[in-house]
Amino acid sequence: MNRPIGALQVPFHTEVDGDGVTMSVCRLDQVYYAKIKLQMKNGGKAVPASILPYVIVHATTEQPGIWTVLTPSGARTGTRDDAGSVHTAIRRSGHYRIYIKEPTETFVPGDVFIIQQHALSDGNNSGRDVQPLAEFEVTESVDCSLSITVQHPNSLSRTRGNDADSIPSNKSALKFTQDHVFNTSKQALDQGGYVISSQLWADASRTYGAQHPVIQNSIYRETLAAIYSEGLTVPTGTGKSPNDRTLNFAGREIEFNNQSTTGGRSTLSFLEDNGQPDHRMTADESLRRTHPATMEFLLKMMDELDITYVRVTGAWRPHVGSTRHRYASAIDLTHVKKNVTDENNQPQLVAIHFHREDSAASYPLRDGGHESAQRTRTREFSHKVHKYIANARAQGAAGWLGGPWALTNGELGVSTPELAQEEAFKTDSTHVHHIHISTGADQP
Ligand SMILES: [Zn+2]
């Protein structure tokens, strides 16, 4: 039917009901667009939360507990001019929620969305919901106009405001007008900036348990279960912190240095009372915020390269840096070791320290000069580790990689001839002393 153009300006039309009474009915076919800029604190400053994978779900006013997926799996917050922004269509009243899209999960618009719970260390659900980053409440007025309010359901009962342990306060309602019917970020109704506090990052990042399907279906099931059931060892001895954790398996060891859980331990546990002073998260709970697929990547690499020791200084964290560690797929390594047999059939320990200034011997490429046998062993092992990770990236199993040395695919012998010149590992001033691995394909 050809509708007069003027009719698009009218948010309602008249209908005659069964009793012959003429009444106004709000139109359901008007689509509006809204945006919000997700931000986070970094060094005391609010910065955009870019390239964060998210999923938006909707529940109608009539069925408030039934959530339907609106966005496809690849949705990520914007970059550059649109840094941190989420831009969405609003078709009707009800509640809209933005959740962090969990790594390895796939969502299709129209699917029913199940709100996940933080897992207890025994693997069971805790009854405490993973929190959305934000909720929009969209209401319809008698004149059929729609208003939108940024709020938060706050089912973990946090305080509101700007305190370290708080989550954001609700915003005031804004009204959609004919200015907001165009599907462009520029013209969408602008709900402004929204700072995701460390506490909200923590509450919105799922605590994984040993029942997770990635763990149950892994050949490293028992080892992963030790991490996700909080079965790690607290090492003792000189220089050890009560917040260090050690995982021993198959003659191998991972040290989760206390630095990898500093940010988590400064926020509140998902539990109302976890038995800790001030209910701060433990190192064990913090490590369970890193996705099992990331831990599995590390175990597989150790297994396949026969690595005996890895030191981890970064994993999931809510408080500093880009969104890469605030998402659940990143890990930082400073040291790896393995045992080899040398040319005289003697056992040798080869230790790599990913450090640009302190460990020239760990540089994975030939540097021209004469090499000692030890330097050759270290270089070859370092090359192998870098190549393994760069191959994962080339095959889509890893995203951004950083380290003390910029290294191209070609230099690492990664078999992508067309991308030989491309840097597999980037370097910058923050990656002087570790390598950073973003696992999976959720963050490029
Ligand atoms: Zn990192």
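The values are calculated or read from the model by the stated rules, or taken from the named source; none is laboratory data. As the structure is a prediction and not an experimental result, all values here were calculated from the model. Glycine also receives a Cβ, built like all others from the backbone with ideal geometry; neighbour counts cover every protein chain displayed.
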* To do: Can you tell me which residue within the range 375-390, out of those that are without any contact (Cβ under 8 Å) to a residue 24 or more places away in the chain and not hydroxyl-bearing (Ser, Thr, Tyr), is nearest to Met301 (Cα to Cα)?
  => Glu380
* **Residues of the range 420-444 satisfying the condition of being among the polar types (S, T, N, Q) and either within 13 Å of the ligand (Cβ to nearest atom) or without any contact (Cβ under 8 Å) to a residue 12 or more places away in the chain (or both)** => Thr427, Ser429, Thr430, Ser438, Thr439, Gln443
* To do: Kindly establish whether Met23 is of a type in the set (A, V, I, L, M, F, W, C), assigned to a strand (DSSP E or B) and modelled with pLDDT under 95.
  => yes
* Asked: Since Asn345 meets every condition but one in (1) on the phi > 0 side of the Ramachandran plot; (2) within 15 Å of the ligand (Cβ to nearest atom); (3) polar (S, T, N, Q), which condition does it not meet?
  -> (2)
* Asked: Given the conditions (1) in a helix (DSSP H, G or I); (2) over 30 Å from Gly74 (Cβ atoms); (3) within 16 Å of the ligand (Cβ to nearest atom), which single one is not true for His386?
  -> (2)
* Scan the range 410-444 residue by residue and report those that are in a helix (DSSP H, G or I) and either at pLDDT below 95 or not assigned by TED's automatic domain parsing to the domain that holds Ala293 (or both). => Pro417, Glu418, Leu419
* Structure fact -> Within the range 282-316, the count of residues that are within 16 Å of the ligand (Cβ to nearest atom) and of a type in the set (Gly, Ala, Ser) comes to 3
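Yes/no matrix, rows are residues, columns are (1) within 16 Å of the ligand (Cβ to nearest atom); (2) in a helix (DSSP H, G or I); (3) within 22 Å of Thr290 (Cβ to Cβ):
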{"residue": "Ala328", "(1), (2), (3)": "yes, no, yes"}
{"residue": "Thr334", "(1), (2), (3)": "yes, no, yes"}
{"residue": "Val350", "(1), (2), (3)": "no, no, no"}
{"residue": "Ala361", "(1), (2), (3)": "no, yes, no"}
* Check Arg324 against each of (1) crowded, with 23+ Cβ neighbours inside 10 Å; (2) under 23 Å from the mean Cα position of the chain (by Cα) and name the one condition it does not meet. => (1)
* Scan the range 395-419 residue by residue and report those that are closer than 17 Å to Met295 by Cα and either without any contact (Cβ under 8 Å) to a residue 12 or more places away in the chain or in contact with a Phe, Trp or Tyr (Cβ under 9 Å, 6 or more places away or on another chain) (or both). => Ala397, Ala398, Leu401
* Asked: Looking at the range 191-210, is at least one residue free of Cβ contacts under 8 Å to residues at least 40 places away in the same chain and outside the structural domain of Ser329 (by TED's automatic domain parsing)?
  -> no
